[in-house]
Each structure stands twice: as structure tokens, then as C-alpha cells.
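Read through the structure below, which is laid out as C-alpha cells, and then see the notes.
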Amino acid sequence: MRSRPVFFLWLCSLGALASALAPGRARAQDAAATVATSAPPERDDARRMGWFGVGARFGYTQLHLVPPASLVGSYNSVTGSRSTSAEHTVSSTAMTVTPTLHLGGGGFFFKVDVPLSFASDYTTYGLGLYPINFGIYLPRVALFQYGSLGIAGSIAQSRSTPDPATSNKIIGAVAQMRVATGLKYFPASNLAVSFEVGYSPWAAGVMLLPPGSGSNTTRTQGGFGSIWDLSLGVEWL
């Protein structure tokens with residue numbers, strides 16, 4: 001009969017020990033559940049843009065310049081020819097390479113372009129200054145959209161031709177007022193892939209183009225018109 005009190009005390013001690021351990025075990029389970037259900041912190045991929053950028057765009061441009069009829073009439077009077085405006089019109093497409101400089105980051109910024117165009121009869125070397133630029137950087141999607149307004153000028157150099165007067169020489173110049181819009185995407189830190197479309201509603205120029213097929217006479221072409229261009233690029237910004 002003495003064993004019953006001893007057994008009863010042993011059961012009471014075991015129950016007290018289990019009660020003491022239960023709160024600690026519950027707290028451990030709650031902590032594990034909190035860790036398992038909490039969302040992982042967002043990863044910062046560091047795609048961003050800086051205030052200074054250099055790069056280059058590659059594309060093509062189309063130039064269309066038509067002389068006024070009065071200017072063609074004066075030319076015919078002086079030379080005794082019977083040429084028309086169409087004969088003095090410049091209409092050409094050229095491949096372009098445009099090194100570019102970006103200063104200012106998002107918001108208002110300053111941009112400089114150095115466009116090089118390679119047409120069938122000539123090569124142009126230009127400089128574009130864009131003091132009016134505005135862009136918005138969207139960090140969530142790593143996109144920078146912008147617009148630009150400025151002026152640009154280029155000189156034209158002929159390719160090698162049978163005419164010594166124009167072969168590998170400066171043969172003219174073109175000036176333009178250009179507006180552009182573009183988009184830059186940042187796949188990695190400070191590295192941007194760009195797309196830009198430009199249009200010059202006002203452009204003027206004149207060129208002494210090399211002789212065409214079946215002719216040995218230098219062609220005077222140029223006037224007023226428009227220029228548009230399209231380009232893709234890579235920039236470190």
C-alpha cells in the first residue's frame with residue numbers, strides 16, 4: 001500500500017515538469033512559424049542612372065533638301081542652263097554613328113552629340129548641342145524617358161571621285177533644329193540600352209556633289225527641308 005503514494009507523487013512531478021516545459025515549446029513554435037511565414041526582403045538589383053554618361057548610338061538618317069524655285073531661276077540665268085528644282089534636290093539616306101554625352105541625370109539635363117553619317121556620295125561630321133532636355137527616371141522598371149530640343153550642324157566631305165574639284169574634299173554643310181524623344185532601359189547598374197527618334201522640321205544646306213553616272217559635271221544641290229533619324233545605342237550612365 002505504501003507504493004501508491006509514491007506512484008501518485010511521481011505522476012504529479014511528471015505533470016508539473018510537462019507544464020513548465022509547455023510555454024517554452026510554444027514560444028519556439030511561434031518563432032519558427034513567424035520566420036517561415038514572413039516575406040523575404042526585396043532584392044536591391046542596384047539598377048540606377050548617374051548624372052554623367054557617355055555612349056554611342058547606331059542607326060540611319062534621311063535628308064531631304066529642296067531649293068526654292070526663285071533660287072533655281074537665278075542659277076539658270078547666271079549659268080544659262082534649264083535645270084529644275086528636282087535636279088538640285090538632295091534626298092539621301094545614310095548610316096549614322098553618334099557618340100553622345102549626358103550631363104545631369106534625371107529631370108533637366110544637358111546633352112551633346114557628335115553625329116557621323118555615311119552616305120553613298122559623302123560623309124558628314126557634325127556637332128549637336130541640346131541645352132533643353134527633360135527626362136523622368138522610373139526606378140521600379142529601370143526606365144528613363146526623355147525629350148530633347150537643340151541645334152546641330154555638319155560639314156560634308158565627298159568620297160573619292162574622278163572630279164579633282166570634289167574628290168575627298170569639303171563639299172558643303174547642313175544646319176538643323178532638331179527635336180528628339182527617347183527611352184533608356186537599365187538592365188544592370190549604370191548600363192543603359194537606348195532608343196531615340198529625332199526630327200528636324202527646319203534644315204538648310206548646300207553641297208557640291210560629285211558627278212553622277214554619265215556626267216563629268218559637279219552637281220550643286222541643296223536648299224531647305226527636313227531631316228529625320230532613328231537609332232539604337234548603349235550608354236554608361
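The values are calculated or read from the model by the stated rules, or taken from the named source; none is laboratory data. These figures come from a predicted structure and were not determined experimentally. Cβ coordinates were reconstructed from backbone atoms using ideal geometry, including for glycine residues, and neighbour counts include every protein chain displayed.
Tabulated values for the structure
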read-out	value
Boolean, residue 111 is in contact (Cβ under 8 Å) with a residue 60 or more places away in the chain, among the charged types (D, E, K, R) and assigned to a strand (DSSP E or B)	no
Residue selected from the stretch 59-80 under the condition aliphatic (A, V, I, L, M) and either closer than 30 Å to residue 232 by Cβ or exposed (fewer than 13 other Cβ atoms within 10 Å of the Cβ) (or both), by the criterion farthest from the chain's Cα centre (by Cα)	78
Only one of 122, 137 that is surrounded by 15 or more Cβ atoms within 10 Å (Cβ to Cβ) and closer than 20 Å to residue 47 by Cα	137
Test result for residue 229, of a type in the set (D, E, K, R) and assigned to a loop (DSSP other than H, G, I, E, B)	no
Verdict on residue 83 being more than 19 Å from residue 181 (Cβ to Cβ), surrounded by fewer than 19 Cβ atoms within 10 Å (Cβ to Cβ) and not acidic (Asp, Glu)	yes
Checklist (1) of a type in the set (Ser, Thr, Tyr); (2) more than 21 Å from residue 66 (Cβ to Cβ); (3) not in a strand (DSSP E or B) applied to residue 98, failing item	(3)
Unique residue being over 19 Å from residue 49 (Cβ atoms) and of a type outside the set (D, E, K, R) when the list is 153, 135	153
Odd one out for residue 178, checked against (1) at pLDDT below 95; (2) part of a strand (DSSP E or B); (3) buried (at least 21 other Cβ atoms within 10 Å of the Cβ)	(1)
Residues of the stretch 76-89 satisfying the condition of being in a helix (DSSP H, G or I) and more than 16 Å from residue 224 (Cα to Cα)	76, 77, 78, 79
Number of positions in the stretch 77-94 that are of a type in the set (Val, Ile, Thr) and within 8 Å of residue 63 (Cα to Cα)	2
Filtered residue count, the stretch 143-160, keeping only those that are surrounded by fewer than 18 Cβ atoms within 10 Å (Cβ to Cβ) and touching an Asp or Glu at 6+ places or on another chain (Cβ under 8 Å)	1
Qualifying residue in the stretch 183-197 (condition: modelled with pLDDT under 90, outside any strand (DSSP E or B) and under 25 Å from residue 64 (Cα atoms))	no
Lone unmet requirement of (1) without any contact (Cβ under 8 Å) to a residue 60 or more places away in the chain; (2) on the phi < 0 side of the Ramachandran plot for residue 184	(1)
